[in-house]
Amino acid sequence: MHDYFGEWYRTAGIPPESVPLAERWKAVEAFSPNYEEVALSVQLFFQLTLSDSSFPETFRKRLHNSDVTLPMGDNDIELIVLAGANLIDLIERGKQQFADFAALCLVCAAAQNLRQNPLVPDIPELAVKYLKNRSENRDKPVKESPEGKLFDALTAVGVPHSDLAGEFRKLQLGFPLVDEETNMLWWLVGETSRDLDKRWSKCEVGAVCSIGAAELAGLTKVLPGPVAARAFLDRAVRSERKKVPDSISIAEVVTETPKEWREKNHKNAVANELTGLLPLHQAMTLSVQANDDDAWRSVFKNSTKIPATAKGSPDAVAYQMYLEHLTVRTFAEIDESK
């Protein structure tokens with residue numbers, strides 16, 4: 001059982017002594033979500049409109065199968081806690097791709113604190129720590145990965161091939177990171193948007209936040225990206241500028257991003273399962289679909305529970321967009337491999 005499981009109940013206003021925590025945790029461990037259910041669990045945790053309205057009942061029944069003491073009704077708050085607990089369990093014990101996806105969804109849904117705090121704030125904070133640790137250890141071997149399979153195969157053959165197993169693994173893990181780092185550094189030194197063929201200093205700050213994030217995500221070869229990703233974006237924002245605003249709103253990011261670029265890159269909405277989890281993507285898509293530049297704002301607030309006027313520092317907003325792009329990519333990769 002997670003050390004803070006009881007504390008999550010207490011934070012949500014449920015006395016942990018009133019719940020058989022050991023039984024509940026067994027149910028959490030037994031619930032093995034597919035990737036759609038991971039996204040739905042995040043929607044449930046943040047109390048967003050669910051892309052599948054039947055999920056709470058499905059989730060409740062499957063938990064009840066493992067813990068018959070779990071009530072089959074009138075426990076919506078507890079379900080929110082259990083959804084968050086299951087996501088943390090997946091992050092800590094699940095396969096890396098699913099763990100990455102769960103953490104990215106939690107962090108993106110929190111929207112760099114632009115969204116009102118969830119019922120249990122500790123859960124997305126743990127996801128943030130997980131992603132940081134993953135970024136710091138992207139060169140470390142992972143079970144059931146291509147490099148791991150080659151290592152096992154060479155080791156099984158025996159000497160002299162087994163002596164090369166470790167070196168081959170280092171090369172497989174290191175080359176993509178060196179290639180990524182080189183491309184990112186050239187991108188930074190160039191101080192120019194590849195999409196717009198225009199220096200960042202000649203672009204509106206909001207455009208750098210959105211387009212810069214998209215370009216950096218495109219250069220990211222190994223998820224969840226380098227530790228310095230946010231600093232890279234901050235440098236792009238500040239490129240040759242005497243002054244950068246302390247904060248920028250979602251609406252400003254949208255309106256300062258050229259409409260032609262928005263129409264090309266955000267014409268189609270993200271997958272239905274990701275609805276509400278990627279607020280900046282949603283804002284961009286709604287702005288393209290709207291009749292005028294302001295019509296999308298009320299729809300955006302209703303669907304995400306975040307006002308378009310919500311502000312964050314430019315580097316935080318840009319990093320949010322960067323993570324959203326990585327989430328979309330991870331979702332697509334899991335979908336293709338199923």
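The values are calculated or read from the model by the stated rules, or taken from the named source; none is laboratory data. Keep in mind that this is a model prediction, so the values were computed, not measured. Please note: Cβ atoms are built from the backbone with ideal geometry, for glycine as well, and neighbour counts cover all protein chains shown. Ligands, DNA and RNA are stripped out before the accessible areas are found, and what is left, the full protein with its side chains, is counted by its heavy atoms. Shrake-Rupley method; radii C 1.70, N 1.55, O 1.52, S 1.80 Å.
Assorted remarks:
- Every condition in (1) small (Gly, Ala, Ser); (2) part of a loop (DSSP other than H, G, I, E, B); (3) open to solvent by 40 Å² or more (accessible area, probe 1.4 Å); (4) closer than 30 Å to residue 179 by Cβ is met by residue 225 except one, and the failing one is (3).
- Whichever residue in the range 261-271 is in contact with a helix residue (DSSP H, G or I) (Cβ under 7 Å, 6 or more places away or on another chain) and not in a helix (DSSP H, G or I) and, among such residues, is surrounded by the most Cβ atoms within 10 Å (Cβ to Cβ): 266
- Some residue of the range 313-331 being at pLDDT below 95 and in a helix (DSSP H, G or I): no
- Annotation note: Cβ proximity below 8 Å between a residue of the range 44-57 that is within 15 Å of residue 85 (Cβ to Cβ) and a residue that is among the charged types (D, E, K, R) and open to solvent by less than 60 Å² (accessible area, probe 1.4 Å) (sequence gap 6+ or interchain) occurs for 46/115.
- Exactly one residue out of 270, 237 is among the β-branched types (Val, Ile, Thr), over 18 Å from residue 113 (Cα atoms) and touching a Cys at 6+ places or on another chain (Cβ under 8 Å), and it is 237.
- Of all residues in the range 200-219, none are more than 22 Å from residue 249 (Cβ to Cβ), outside any helix (DSSP H, G or I) and in contact (Cβ under 8 Å) with a residue 24 or more places away in the chain.
- Residue match in the range 189-197 (condition: buried (at least 17 other Cβ atoms within 10 Å of the Cβ) and assigned to a helix (DSSP H, G or I)): no
- Being among the polar types (S, T, N, Q) and in contact with a helix residue (DSSP H, G or I) (Cβ under 6 Å, 6 or more places away or on another chain) is a description that applies to residue 320.
- Any hit, the range 247-261, residues being over 22 Å from residue 48 (Cα atoms) and either under 18 Å from the mean Cα position of the chain (by Cα) or of a type in the set (Gly, Ala, Ser) (or both): yes
- Members of the range 272-305 found to be in a helix (DSSP H, G or I) and open to solvent by less than 20 Å² (accessible area, probe 1.4 Å), listed by number: 274, 279, 280, 281, 283, 284, 285, 287, 296, 300, 304
- Close pairs (7 angstrom Cβ cut-off, 6 or more residues apart or separate chains): more than 24 Å from residue 184 (Cα to Cα) and outside any helix (DSSP H, G or I) in the range 234-249, among the hydroxyl-bearing types (Ser, Thr, Tyr) and open to solvent by 50 Å² or more (accessible area, probe 1.4 Å) anywhere: 249/309
- Lone unmet requirement of (1) basic (Lys, Arg); (2) more than 22 Å from residue 319 (Cβ to Cβ); (3) under 17 Å from the mean Cα position of the chain (by Cα) for residue 62: (3)
- When residue 245 is tested against (1) more than 22 Å from residue 310 (Cβ to Cβ); (2) modelled with pLDDT of 95 or more, exactly one condition is not met: (1).
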